[in-house]
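> Pasting a structure here, questions to come.
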2 protein chains.
Amino acid sequence: MSKTFIFGHKNPDTDTITAALAYAYLKKQLGQEVEAVRLGEVNNETQYALDYFKVEAPRYVSTVADEVDSVILVDHNERQQSVDDIEKVQVKEVIDHHRIANFETNDPLYYRAEPVGCTATILKKIYQENNVAIPKEIAGLMFSAIISDSLLFKSPTCTEEDVQAADALATIAGVDPQTYGLEMLKAGADLSDKTVEELISLDAKEFNMAGTSVEVAQVNTVDINDVLANQTAIEEAIQQTIDKKQLGLFAFVVTDILNNDSVILALGDKQKTVEQAFDVTLTNNQALLKGVVSRKKQIVPNIQGALA
Amino acid sequence: MSKTFIFGHKNPDTDTITAALAYAYLKKQLGQEVEAVRLGEVNNETQYALDYFKVEAPRYVSTVADEVDSVILVDHNERQQSVDDIEKVQVKEVIDHHRIANFETNDPLYYRAEPVGCTATILKKIYQENNVAIPKEIAGLMFSAIISDSLLFKSPTCTEEDVQAADALATIAGVDPQTYGLEMLKAGADLSDKTVEELISLDAKEFNMAGTSVEVAQVNTVDINDVLANQTAIEEAIQQTIDKKQLGLFAFVVTDILNNDSVILALGDKQKTVEQAFDVTLTNNQALLKGVVSRKKQIVPNIQGALA
């Protein structure tokens, strides 16, 4: 079992799927035996990018230890966001752009995290450091990841490095950044085929914050009211998740990709924490968060601060 | 408080002290306001290197939050090896070559770990990536760090990258690797001026292994019997440390830098773990560990495995 799996987090988004593919391509060029895999369904936005650049999605796996001894994590590090049997394999590398938490190894490893908006921006550097040219379709996927994570450069997580990387990648990929970017985001914002269970798990991440289990799910849309029209059914599904996972808080964040505001729908014993975190009042379990689009930079730190 | 402190672990060794100095120099060249500091006494080996290259030791600090808001860790990440008030400041960056454990942040950061033998080897790359020339005296200190961590390239932690970095740094520094390297190691192996309390704390690191607090102290020597001549007094000092820190195991490892064997002296409730870890029998609390020189690669993983 000399092969190494490369994968991103559960409930994969565009950065997680494309980072696995892009890093696997690079590793293969360097003569290493790797395979990109995924831990969940490909969402509509990611599928749009894969179809556009004619790349197949990585293979789905639910566990890894039966196939490999070692893994490389991209776009995540926290254990609860990773594969269920992560404890049974050696983590050889991590390429990530998130905080570090609930992560521990017995041995030294290659860990490359940078406070940029997207894993693809770091991967582009690693390609460069290894003198490997980025093929057109991989550049297209990496560009898609930056557009996805930065909401077309509008998220506060987006750095100058991300913008420059995206520009260079769009040129290699031969796409117009704004036109392609908006089409891809719109494909992801099409939630018409989703059940309520899918809506709240599509891009959900679990965190341990000051002893409380918190899940923050986020969806992009062009019409927030449309997504929340079915609020009763959504709340039922959220409540089931809270009961099943023993969560103290479930925050469902619906982000308008056109005006960059979000509505948060919060349930759980620690529901009121949200009011303190964002200085808002929940009405019908909801509040408008003006200018909030980033889970990483605006939502998680605020809730964490309020819970601490 | 816009300044950032850069420091390595408690009970500093040559890599920790020189990495703080070398990274601070680089950061200053990049226009950042930083200061290298240290968390403990400079040992004889490090002092030899500092004197040889005419560089002043970093300033000693016992806490940091009264002076800065943010810090950069080099050569360590585990909380118990870092400054006492680490929780009160933001960790902006980590440059390290150890396992990751007991480390958590609220925010994304720059984290650069590589499974090489020495922090200096990673720093040399970062200099290169930033197109900053390494001055002669800084190159000398970085070379000293590689010699120290690799025991003149004989430790199993030493990689081809470390050897190549050391060669290049020795050339910049204008020293003969073997001659200078052996003189420096011998300066560190001179323990004649040390009290027993100093002997067991000079290069001691604390670990949490499967719920047990374990301290592993290591000293280099050219005569193991000479170091252990005073075994009764050493054991008394170790027992006091065990009682004070509630340790399950204290392992004092005395390494012969000429023949690359070590003797381990183990005390604590979990003393017998050492027999299992290294497949040896303790006699008079001691055992010879043939060919064992690396705490990181040979001692910690074996004890961790036996405790798990």
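> Here are some residues: A:LYS27, A:LYS54. Which one is of a type in the set (Lys, Arg), open to solvent by 10 Å² or more (accessible area, probe 1.4 Å) and assigned to a helix (DSSP H, G or I)?
Only one candidate passes the filter, namely A:LYS27.
> Could you please give the count of residues in region B:1-24 that are part of a loop (DSSP other than H, G, I, E, B) and open to solvent by 10 Å² or more (accessible area, probe 1.4 Å)?
So the answer is 6.
> Oh, and also: Across region B:36-51, what is the total count of residues that are open to solvent by 40 Å² or more (accessible area, probe 1.4 Å) and closer than 16 Å to B:VAL74 by Cβ?
1
Yes/no per residue for (1) closer than 22 Å to A:TYR48 by Cβ; (2) surrounded by 24 or more Cβ atoms within 10 Å (Cβ to Cβ); (3) within 14 Å of chain B (Cβ to nearest Cβ):
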position: A:GLU104; (1), (2), (3): no, no, yes
position: A:ILE134; (1), (2), (3): yes, no, no
position: A:GLU137; (1), (2), (3): yes, no, no
position: A:ILE146; (1), (2), (3): yes, yes, no
position: A:ASP149; (1), (2), (3): yes, yes, yes
position: A:GLU160; (1), (2), (3): no, no, no
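> Consider only pairs whose beta carbons are under 7 Å apart and that are at least six residues apart or on different chains; among these, list those whose first residue lies in region B:182-198 and is farther than 13 Å from B:ASP226 by Cα and whose second residue is β-branched (Val, Ile, Thr) and assigned to a helix (DSSP H, G or I).
Pairs found: B:MET184/B:ILE147; B:LEU185/B:ILE147.
> While we're on this one: Could you tell me which of the residues B:GLU104, B:GLU93 is over 17 Å from the mean Cα position of the chain (by Cα), under 18 Å from A:ARG79 (Cβ atoms) and among the charged types (D, E, K, R)?
B:GLU104
> Identify all residues within region B:116-132 that are surrounded by fewer than 21 Cβ atoms within 10 Å (Cβ to Cβ) and more than 14 Å from chain A (Cβ to nearest Cβ); write none if there are none.
B:VAL132
> Moving to a separate point now. Identify all residues within region B:60-88 that are in a loop (DSSP other than H, G, I, E, B), open to solvent by 10 Å² or more (accessible area, probe 1.4 Å) and free of Cβ contacts under 8 Å to residues at least 40 places away in the same chain; write none if there are none.
Residues satisfying the conditions are B:SER62, B:THR63, B:ALA65, B:ASP66, B:ASP84, B:ASP85.
Residue-by-condition table, conditions (1) among the hydroxyl-bearing types (Ser, Thr, Tyr); (2) under 20 Å from the mean Cα position of the chain (by Cα); (3) within 14 Å of chain A (Cβ to nearest Cβ):
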{"site": "B:HIS97", "(1), (2), (3)": "no, yes, yes"}
{"site": "B:ILE100", "(1), (2), (3)": "no, yes, yes"}
{"site": "B:GLU114", "(1), (2), (3)": "no, yes, yes"}
{"site": "B:GLY140", "(1), (2), (3)": "no, yes, no"}
{"site": "B:LYS154", "(1), (2), (3)": "no, yes, no"}
{"site": "B:GLN164", "(1), (2), (3)": "no, no, no"}
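> From the residues in region B:270-308 that are outside any helix (DSSP H, G or I) and under 17 Å from B:ASN208 (Cβ atoms), which one is nearest to the other protein chains (Cβ to nearest Cβ)?
B:ALA308
> Within region A:254-289, which residues are free of Cβ contacts under 8 Å to residues at least 12 places away in the same chain and of a type in the set (Asp, Glu)?
A:ASP279 - this is the single residue of region A:254-289 that is free of Cβ contacts under 8 Å to residues at least 12 places away in the same chain and of a type in the set (Asp, Glu).
> Using the structure shown, decide if B:LEU109 is modelled with pLDDT of 95 or more and over 16 Å from the mean Cα position of the chain (by Cα).
Taking the combined requirement at face value, the residue satisfies it.
> Okay, next question. In region A:291-308, is there at least one residue being over 23 Å from A:GLU78 (Cβ atoms), open to solvent by 30 Å² or more (accessible area, probe 1.4 Å) and without any contact (Cβ under 8 Å) to a residue 24 or more places away in the chain?
no
> Of the numbered conditions (1) on the phi > 0 side of the Ramachandran plot; (2) touching a residue at least 24 places away in the same chain (Cβ under 8 Å); (3) not β-branched (Val, Ile, Thr), A:GLY31 satisfies every one except a single condition; which is it?
Every listed condition holds for A:GLY31 apart from (2).
> For B:LEU282, work out the one condition from (1) farther than 19 Å from B:ASP203 by Cβ; (2) at pLDDT below 95 it doesn't fulfil.
(2)
> If B:ALA139 satisfies all but one of (1) in contact (Cβ under 8 Å) with a residue 40 or more places away in the chain; (2) more than 19 Å from A:TYR111 (Cα to Cα), what's the number of the condition it fails?
The one condition B:ALA139 does not meet is (1).
> Report the residue count in region A:18-73 for those that are out of contact with any strand residue (DSSP E or B) (no Cβ under 6 Å at 6 or more places or on another chain) and under 25 Å from A:GLY174 (Cβ atoms).
Residues that pass the stated criteria total 22.
The values are calculated or read from the model by the stated rules, or taken from the named source; none is laboratory data. Here the structure is a predicted model, which means the values were calculated and not measured. Don't worry about glycine lacking a Cβ; one is built from the backbone with ideal geometry, like all the others, and counts go over all protein chains shown. Each accessible area value is taken on the protein alone, full model and side chains, heavy atoms only, with ligands, DNA and RNA left out. Shrake-Rupley method; radii C 1.70, N 1.55, O 1.52, S 1.80 Å.
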